[in-house]
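Participant: One structure, as structure tokens, below. Some questions next.
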Ligand code: TA6
């Protein structure tokens, strides 16, 4: 495929192939393995995404940071028969389209999922990435098989926070949530208008609406469509030590706010039906 002037291919020394974008409005990098965005930076803003410096970009393993795509299940396989966070993080996607304009660059990638023992269904998954003053992603699932299936999914986005103590998340007030660290507790209600992270945090919020991540140097607005749940995750001290490709103190520098369909928010598709999970990230001010 002929690429537009601001789009190029790059092979990491470890072997992974990337699509690089250098546009007058923003720069970005997408790894074909997992259609995994590892970098986005609007001109005049700080980088929007965080990747651990311990990441070795080894083929066959999900990159620790950026925007991993969890599909067709979020978290552990429902019956414990497949890899965590689904089947496509380590799959090589194909680049179907790349175009540019004064407003930015559009990349379209896709992967075909054939029936396998742990997920006996057929689907086509497409990711559209709009790189410009903001970053927009649209993850579309099409049921290409002959039987309905249910899926859970997440855009598992890692944001940089410089210092976790100074990070604030707004927008969750009055949302119900389940604490994945205390599964027996049941549904809780968020009362904080502005959330601080002061311990290991792994929650599935049920709801939809504008969210924001605020740090001393950056404000990021998060607007989603087709999502009825959001995962908030920071591994804190103990779990950081157990995570692959993650430094012991990396919890101080990152926070995951994951636009999803998970928990009680599952998507069921009949043959031929489609669903689109979309999110837009916009950096506003500071530095
Ligand atoms: O989104 C939160 C979570 O499900 C955590 O429980 C933790 O497992 C995290 O995802 C990272 O998962 P990974 O498979 O990328 O190490």
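The values are calculated or read from the model by the stated rules, or taken from the named source; none is laboratory data. Note that this is a predicted model, so its numbers are computed, not measured. Backbone-built Cβ (ideal geometry, glycine too); neighbour counts: all protein chains shown.
Participant: Considering (1) under 20 Å from residue 33 (Cα atoms); (2) surrounded by fewer than 17 Cβ atoms within 10 Å (Cβ to Cβ); (3) within 14 Å of the ligand (Cβ to nearest atom), say which one residue 124 fails and leave the rest.
Facilitator: Of everything listed in (1) under 20 Å from residue 33 (Cα atoms); (2) surrounded by fewer than 17 Cβ atoms within 10 Å (Cβ to Cβ); (3) within 14 Å of the ligand (Cβ to nearest atom), residue 124 misses just condition (3).
Participant: Cβ-Cβ distance below 6 Å, separation of 6 or more or different chains: which pairs start in segment 62-80 with a residue that is under 22 Å from residue 52 (Cβ atoms) and modelled with pLDDT of 95 or more and end on one that is near the ligand (Cβ under 8 Å from one of its atoms) and assigned to a strand (DSSP E or B)?
Facilitator: Matching pairs, first to second residue: 70/154; 74/154.
Participant: Something else now. Taking segment 145-179, which residues are free of Cβ contacts under 8 Å to residues at least 60 places away in the same chain, farther than 26 Å from residue 218 by Cβ and out of contact with any helix residue (DSSP H, G or I) (no Cβ under 9 Å at 6 or more places or on another chain)?
Facilitator: 176
Participant: Where in segment 110-223 are there strands (runs of 3 or more DSSP E), lying fully within it, with 2 or more residues that are under 30 Å from residue 286 (Cβ atoms)?
Facilitator: 123-131, 135-143, 153-155, 158-160, 168-170, 201-206, 211-215
Participant: Looking at segment 145-167, which of its residues are surrounded by 17 or more Cβ atoms within 10 Å (Cβ to Cβ) and farther than 19 Å from residue 74 by Cβ?
Facilitator: If the condition is that a residue be surrounded by 17 or more Cβ atoms within 10 Å (Cβ to Cβ) and farther than 19 Å from residue 74 by Cβ, then 145, 160, 161, 164, 167 are the ones that fit.
Participant: Also: Pairs, please: C-beta under 8 Å, at least 6 apart or cross-chain, first residue on the phi < 0 side of the Ramachandran plot and in contact (Cβ under 8 Å) with a residue 60 or more places away in the chain and in segment 82-96, second in a loop (DSSP other than H, G, I, E, B) and surrounded by 16 or more Cβ atoms within 10 Å (Cβ to Cβ)?
Facilitator: So the pair list comes out as 92/32; 93/32; 93/34; 93/35; 94/32; 95/32.
Participant: Name the residue that is nearest to the ligand (Cβ to nearest atom), counting only residues in segment 18-52 that are farther than 23 Å from residue 154 by Cα and outside any strand (DSSP E or B).
Facilitator: The extreme case among them is 46.
Participant: Kindly indicate whether residue 266 is under 20 Å from residue 86 (Cα atoms) and out of contact with any strand residue (DSSP E or B) (no Cβ under 6 Å at 6 or more places or on another chain).
Facilitator: Here the answer is no, as residue 266 does not meet what is asked.
Participant: Right, another one. Would you mind finding the one in 253, 241 that is at pLDDT 95 or above, over 30 Å from residue 140 (Cα atoms) and touching a strand residue (DSSP E or B) at 6+ places or on another chain (Cβ under 9 Å)?
Facilitator: 253
Participant: From the list 66, 132, exactly one residue is surrounded by 19 or more Cβ atoms within 10 Å (Cβ to Cβ) and on the phi > 0 side of the Ramachandran plot. Which is it?
Facilitator: None of the others qualify; the one that does is 66.
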